[in-house]
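Have a look at the structure below before the remarks.
The values are calculated or read from the model by the stated rules, or taken from the named source; none is laboratory data. Remember, predicted model here, so these are calculated numbers, not experimental data. Because the Cβ atoms are built from the backbone with ideal geometry, glycine has one as well, and the counts that use them run over all protein chains shown.
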Amino acid sequence: MDFSLTPAQLELQQRTRSFIADKIIPFEKDPRATAHGPTPELRAELVELARSAGLLTPHASVELGGLGLSHVDKAIVFEEAGYSTLGPTAMNIHAPDEGNIHLMEIVATEAQKERWLRPQVQGLTRSCFAMTEPAPGAGADPGMMKTTAVKDGDDYVINGDKWFITGAEGATYCIIMAKMEDGSATMFLSDMNRKGISITRQMDAMDSCFAGGHCVMKFENVRVPATDVLGEIGRGFKYAQIRLAPARLTHCMRWLGQARRAHDIATQYARTREAFGRILGKHEGVGFMLADNDMDLQTARLHIAHTAWLLDQGHNGNFESSRAKVTCSEAEWRVIDRCVQIMGGQGVTGETIVMRIFMDMRGFRIYDGPSEVHRWSMARKIIDGLGKTA
């Protein structure tokens with residue numbers, strides 16, 4: 001495989017890198033970057049900057065106003081965007097919107113795209129994806145879903161509770177996963193202001209990088225017309241895989257940028273801070289951690305590149321995206337953990353952004369499936385002869 005970048009990719013990489021450094025990083029201490037994510041006002045300001053730079057929603061199709069990036073192109077751009085905690089928000093490539101945009105482009109009808117997707121690609125609206133439920137409902141095991149959808153004339157009536165719904169506060173529309181009477185699952189589209197949909201509370205979380213935070217939602221006799229079914233009835237779990245396989249990988253891309261940012265800060269600290277008669281980096285204990293960081297960053301980048309290349313070749317990528325999700329989330333977590341250790345007291349305070357990255361990143365080993373679930377899924381496929389080892 002040739003991992004060298006084309007001239008067009010190099011130009012896009014440098015343009016994104018300069019945009020993040022010059023326009024977005026200065027906003028990181030803005031008080032509108034709250035514990036529950038950027039406020040709508042801050043998000044709107046950042047989105048306008050990305051629009052002016054020609055970098056808004058770059059993963060969307062050219063027809064909808066994006067740049068039509070391939071998965072490999074996204075790996076380059078999303079890493080650069082992730083170098084700032086606000087970069088993905090500015091460029092409209094944060095979760096869950098990035099994954100919802102990808103899913104909607106593939107599955108939604110033309111009428112649904114015009115109603116919900118086009119304004120979202122333009123950065124005018126946000127969305128959420130309501131699948132996870134409190135116990136005994138669906139968590140890591142989606143088959144335990146308790147939210148129901150019952151046919152009633154030309155409508156479906158939805159009842160259930162959801163939680164950990166990222167971005168729900170302030171979202172314009174929601175993709176709702178519900179169980180049908182035959183036990184299959186279906187996705188439904190709904191405006192968030194539809195009668196029966198309520199946000200009962202925002203959940204306090206370690207991370208603070210997602211616009212709208214994480215919410216608990218209730219659906220009480222929500223009537224959704226049949227025209228607002230996303231895709232086909234009973235194929236919700238299949239569509240979830242269309243969404244989740246690439247979304248796991250884009251998480252890896254964005255967090256790689258965060259890990260690289262922390263490593264750069266820790267490296268500079270190790271070059272200038274002195275202890276016991278020499279700069280920190282000259283002590284093997286610190287130098288070895290920096291070397292390990294470099295190896296973990298490169299390991300993550302290669303896994304991302306390989307998996308992105310496979311997706312671009314038409315592979316479904318479920319096995320490979322699970323492998324990349326585990327490998328990258330754990331490698332990138334090791335990087336930021338070492339950065340905190342290298343920086344000592346500086347690493348556990350808000351004096352630099354390293355502490356913020358540390359808090360944001362810990363959830364990555366859980367989002368889109370905990371590492372243990374992915375290992376279990378991979379093991380089953382390996383035993384059945386379905387796993388890929390190259």
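Summary of values
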read-out: Candidate set from the range 291-323 (those that are in contact (Cβ under 8 Å) with a residue 12 or more places away in the chain and outside any helix (DSSP H, G or I)); member that is nearest to residue 267 (Cα to Cα); value: 317
read-out: Odd one out for residue 182, checked against (1) touching a strand residue (DSSP E or B) at 6+ places or on another chain (Cβ under 8 Å); (2) surrounded by fewer than 20 Cβ atoms within 10 Å (Cβ to Cβ); value: (1)
read-out: Answer residue from the range 142-158, given it is touching a residue at least 40 places away in the same chain (Cβ under 8 Å) and in a loop (DSSP other than H, G, I, E, B) and is farthest from residue 217 (Cα to Cα) among those; value: 154
read-out: Residue in the range 215-231 that is closer than 25 Å to residue 178 by Cβ and in contact with a Pro (Cβ under 9 Å, 6 or more places away or on another chain) present; value: yes
read-out: Selection status of residue 327, within 30 Å of residue 105 (Cβ to Cβ), hydroxyl-bearing (Ser, Thr, Tyr), in a helix (DSSP H, G or I) and touching an Asp or Glu at 6+ places or on another chain (Cβ under 7 Å); value: no
read-out: Those residues of the range 45-63 which are hydrophobic (A, V, I, L, M, F, W, C) and free of Cβ contacts under 8 Å to residues at least 12 places away in the same chain, in sequence order; value: 62
read-out: Pairs, first among the polar types (S, T, N, Q) in the range 211-222, second buried (at least 17 other Cβ atoms within 10 Å of the Cβ), C-beta under 6 Å, six or more apart; value: 221/157
read-out: The listed residue being touching a Ser or Thr at 6+ places or on another chain (Cβ under 9 Å) and β-branched (Val, Ile, Thr), out of 250, 272, 307; value: 307
read-out: Scan of the range 344-381 for residues that are farther than 19 Å from residue 208 by Cα and touching a Lys or Arg at 6+ places or on another chain (Cβ under 8 Å), ordered by number; value: 369, 371, 374, 378
read-out: Extreme residue, farthest from residue 157 (Cα to Cα), among residues of the range 228-240 that are charged (D, E, K, R) and crowded, with 17+ Cβ neighbours inside 10 Å; value: 235
read-out: The range 249-275, subset part of a helix (DSSP H, G or I) and free of Cβ contacts under 8 Å to residues at least 60 places away in the same chain, residue surrounded by the fewest Cβ atoms within 10 Å (Cβ to Cβ); value: 272
read-out: Condition met for residue 138 (modelled with pLDDT under 95, surrounded by fewer than 24 Cβ atoms within 10 Å (Cβ to Cβ) and either in the same structural domain as residue 210 (by TED's automatic domain parsing) or at negative phi (or both)); value: yes
read-out: Verdict on residue 242 being in a loop (DSSP other than H, G, I, E, B), under 23 Å from residue 183 (Cβ atoms) and among the β-branched types (Val, Ile, Thr); value: no
read-out: Residues being of a type in the set (D, E, K, R), surrounded by fewer than 23 Cβ atoms within 10 Å (Cβ to Cβ) and closer than 13 Å to residue 88 by Cα - total across the range 24-47; value: 1
read-out: Condition met for residue 345 (without any contact (Cβ under 8 Å) to a residue 40 or more places away in the chain, in a loop (DSSP other than H, G, I, E, B) and over 13 Å from residue 265 (Cα atoms)); value: no
read-out: Residue under evaluation residue 2, criteria (1) part of a loop (DSSP other than H, G, I, E, B); (2) at pLDDT 95 or above, criterion not met; value: (2)
read-out: Residues that are among the acidic types (Asp, Glu), touching a Leu at 6+ places or on another chain (Cβ under 9 Å) and at pLDDT below 95, drawn from the range 288-347; value: 320
read-out: Scope the range 104-123; condition under 14 Å from residue 65 (Cβ atoms) and not in a helix (DSSP H, G or I); matching residues; value: 122, 123
read-out: The range 296-334, residues that are under 16 Å from residue 367 (Cβ atoms) and hydroxyl-bearing (Ser, Thr, Tyr); value: 321, 322, 327, 329
read-out: Filtered residues of the range 110-130 (kept if closer than 17 Å to residue 231 by Cα and either surrounded by fewer than 21 Cβ atoms within 10 Å (Cβ to Cβ) or at pLDDT below 95 (or both)); value: 110, 111, 112, 113, 114, 115
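For every residue, the table says whether it meets (1) crowded, with 22+ Cβ neighbours inside 10 Å; (2) within 15 Å of the chain's Cα centre (by Cα); (3) not assigned by TED's automatic domain parsing to the domain that holds residue 159.
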position: 202; (1), (2), (3): no, no, no
position: 205; (1), (2), (3): no, no, no
position: 209; (1), (2), (3): yes, yes, no
position: 212; (1), (2), (3): yes, yes, no
position: 216; (1), (2), (3): no, no, no
position: 222; (1), (2), (3): yes, no, no
position: 226; (1), (2), (3): no, no, no
position: 242; (1), (2), (3): no, yes, yes
